[in-house]
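Note sheet for the following structure.
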Amino acid sequence: MRKSGPIQLENGSMSANIESYCKLLSLSSVADNYEHMAMDATKTKISYQEYLYKLLQQQIIDRVDRSVNAKIKKAGFPYIATLEMFDFSFQPTIDEKLLRELSTLSFLDDAKNILLVGAPGVGKTHLAISIGLEATKQRRRVKFITAEELTNELIAARQSNTLANYLEASSRVELLIIDEIGYLDIQKESASLFFRLISKRYEKSSTIITTNKPFEEWADVFGDEVVASAILDRLLHHSYPFLINGPSYRMKELFKKKKQKTEQVSEIPIPEDENI
Ligand SMILES: Nc1ncnc2c1ncn2[C@@H]1O[C@H](COP(=O)(O)OP(=O)(O)OP(=O)(O)O)[C@@H](O)[C@H]1O
Ligand SMILES: [Mg+2]
């Protein structure tokens with residue numbers, strides 16, 4: 001006759017049950033870690049309570065990582081760049097202290113903008129991504145888009161009669177990064193859509209702009225002086241403009257590679273010809 005009391009399970013079926021319970025409760029990290037952490041706990045003689053604490057802590061860390069990763073993916077950065085990777089000594093016109101302060105993201109709460117202006121290769125996109133990345137780490141809603149893609153999306157939204165929804169959704173993005181204003185001219189009719197977007201976000205949410213064109217030339221970019229100055233007015237009103245005046249980092253890398261090549265060539269020993 002079977003004794004009454006808790007049903008005794010064999011180790012194998014207990015593991016299978018734990019794993020299916022974890023699945024039911026969406027605790028994938030617990031399922032992955034409970035066994036080896038239990039072995040560690042036995043070795044280090046920590047209490048049951050401490051074991052459970054560590055196991056749940058790991059679950060939280062993994063979940064945060066996953067949600068941050070999802071946010072990074074959704075933001076659409078063209079590559080991953082951080083402030084740690086940025087060599088400020090190469091670009092001394094950038095106010096490093098201010099930039100580091102901005103990377104703490106207080107500007108988001110004040111709905112302020114950052115404008116990065118400079119010639120190709122000075123690090124505008126790199127810096128914009130770095131700050132965007134910090135924002136995703138703090139689980140803010142971030143979207144990275146080039147001016148060209150944005151213009152196309154705005155036109156498509158208008159054509160499909162969904163412009164109001166598109167503008168509404170855009171205004172909910174906490175940090176919008178618009179990259180490469182100035183490389184392609186924006187048609188006059190798209191410029192007014194652009195204006196509507198900036199206007200909708202004005203004083204509500206932050207935007208980072210990168211541009212190779214000084215502000216005086218924006219009238220040419222947008223094909224209309226009035227619209228261009230209305231856009232600029234709103235962007236600049238509460239903003240941190242950075243005018244980056246320096247050499248291209250891409251050129252530095254190129255020269256470094258070229259130099260390495262010529263050094264390698266000159267290191268090849270020239271055979272001595274005794275007949276000369
Ligand atoms: N000061 C720097 N330290 C380290 N890497 C840098 C620095 N400046 C730029 N880079 C690197 O050089 C490359 C070009 O930089 P980035 O794309 O930010 O230039 P940009 O100003 O946006 O140029 P463009 O106007 O052509 O888009 C990137 O790979 C970036 O990571
Ligand atoms: Mg760029």
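Read the figures in this text as sums done on the coordinates, not as results from a lab. As the structure is a prediction and not an experimental result, all values here were calculated from the model.
Straight-line cross-link partners of LYS73 among the aspartates and glutamates, defined as a Cα under 14 Å from its Cα and at least 8 positions apart when in the same chain: ASP65, GLU134. Distances between placed amide hydrogens fall under 5 Å for ILE114 paired with THR207, ILE208, ILE209, TYR240, all partners being 5 or more residues away or on another chain.
Close amide H partners of LYS213, meaning residues 5 or more places away or on another chain with modelled amide H under 5 Å apart, are GLY118.
The alpha carbon convex hull volume per residue for the chain rounds to 317 Å³. Note on LYS204: aspartates and glutamates with a C-alpha under 14 Å away, same-chain residues under 8 apart excluded, are ASP109, ASP110, GLU168, GLU174.
With the helix formula -39500 (n - 2.57) applied to DSSP H stretches of n ≥ 4, the chain reaches a computed 222 nm mean residue ellipticity of -18000 deg cm²/dmol. Normalised by 2.2 N^0.38 Å, where N counts its residues, the alpha-carbon radius of gyration of region 133-257 equals 1.13. Residues whose amide H lies under 5 Å from that of GLY223, counting only those 5 or more places away or on a different chain, are ILE186; hydrogens are built 1.01 Å from N in the peptide plane.
Residue-wise HN-Hα couplings along region 153-164, as the Karplus relation 6.51 cos²θ - 1.76 cosθ + 1.60 with θ = phi - 60° gives them from phi, are 5, 5, 5, 4, 5, 5, 5, 9, 6, 10, 4, 4 Hz; Gly and Pro carry x.
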